[in-house]
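Chemist: First, the structure itself, so that you have it in front of you.
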Amino acid sequence: TALAAQEVGNRVSLLGYLDRGTDGWTTHGVSLVENHHTLYENGDAADMRAGSMVAIEGRVQAPGVVAVESVTFSVNPMDFDVPVLPPMAQGARDDWERSENEGERPEVNSPEIERPDVERPELEPQVERPELLDGD
């Protein structure tokens, strides 16, 4: 939604998983348009695979379309300043609803594990001792 508010020509940064769309690569539903000027870090164009996490830098070419200037492979999402999500959750019908537990810590239910009473068997060592011969 933030990308849809961007004007054509604005620089954008995306962090996401690649997906194969009908017209090429996408991430978060945004079409990615590569060209011969696109730079690749930690890989090359052949490393573009569905499910790969990448960082994309580029410019808005049209609503929902980014002209890709650089693709960085093997990224750690913790290395990026990802904005905090708003206290809302997307519902199954694609509408936005406020969370009923907003600001509360989730309740954690730890199941009790019933451990059976098992008696340990008594084991006697089964070692055979060789007979030692006197040097006769």
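The values are calculated or read from the model by the stated rules, or taken from the named source; none is laboratory data. Since the structure is predicted, the reported quantities are computational estimates derived from the model, not experimental observations. Please note: Cβ atoms are built from the backbone with ideal geometry, for glycine as well, and neighbour counts cover all protein chains shown. What goes into the accessible areas is simple: the full protein's heavy atoms, side chains included, and nothing from ligands, DNA or RNA. Shrake-Rupley method; radii C 1.70, N 1.55, O 1.52, S 1.80 Å.
Chemist: Let me spell it out: the conditions are (1) modelled with pLDDT of 65 or more; (2) part of a loop (DSSP other than H, G, I, E, B), and residue 85 meets all of them except one. Which number is the exception?
Modeler: (1)
Chemist: Looking only at residues in segment 17-53 that are in a loop (DSSP other than H, G, I, E, B), among the polar types (S, T, N, Q) and touching a strand residue (DSSP E or B) at 6+ places or on another chain (Cβ under 8 Å), which one is most open to solvent (accessible area, probe 1.4 Å)?
Modeler: Going through segment 17-53, the residues in a loop (DSSP other than H, G, I, E, B) turn out to be 18, 22-23, 28-29, 34-38, 42-44, 48-52.
Going one step further and asking which of them are among the polar types (S, T, N, Q), we end up with 22, 35, 38, 42, 52.
Right, trim to touching a strand residue (DSSP E or B) at 6+ places or on another chain (Cβ under 8 Å) and you get 35, 38, 42, 52.
Numbers: 35: 76, 38: 12, 42: 100, 52: 30 Å².
The selected residue is 42.
Residues checked against (1) modelled with pLDDT under 85; (2) within 24 Å of the chain's Cα centre (by Cα); (3) more than 28 Å from residue 35 (Cα to Cα):
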site	(1), (2), (3)
48	no, yes, no
62	no, no, no
70	no, yes, no
94	yes, yes, yes
98	yes, no, yes
108	yes, yes, yes
114	yes, no, yes
123	yes, no, yes
135	yes, no, yes
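Chemist: In segment 7-16, how many residues are under 14 Å from residue 57 (Cα atoms) and assigned to a loop (DSSP other than H, G, I, E, B)?
Modeler: 2
Chemist: Would you call residue 35 touching a Lys or Arg at 6+ places or on another chain (Cβ under 7 Å) and either modelled with pLDDT of 90 or more or not acidic (Asp, Glu) (or both)?
Modeler: Working: touching a Lys or Arg at 6+ places or on another chain (Cβ under 7 Å): no; either modelled with pLDDT of 90 or more or not acidic (Asp, Glu) (or both): yes.
In short, no.
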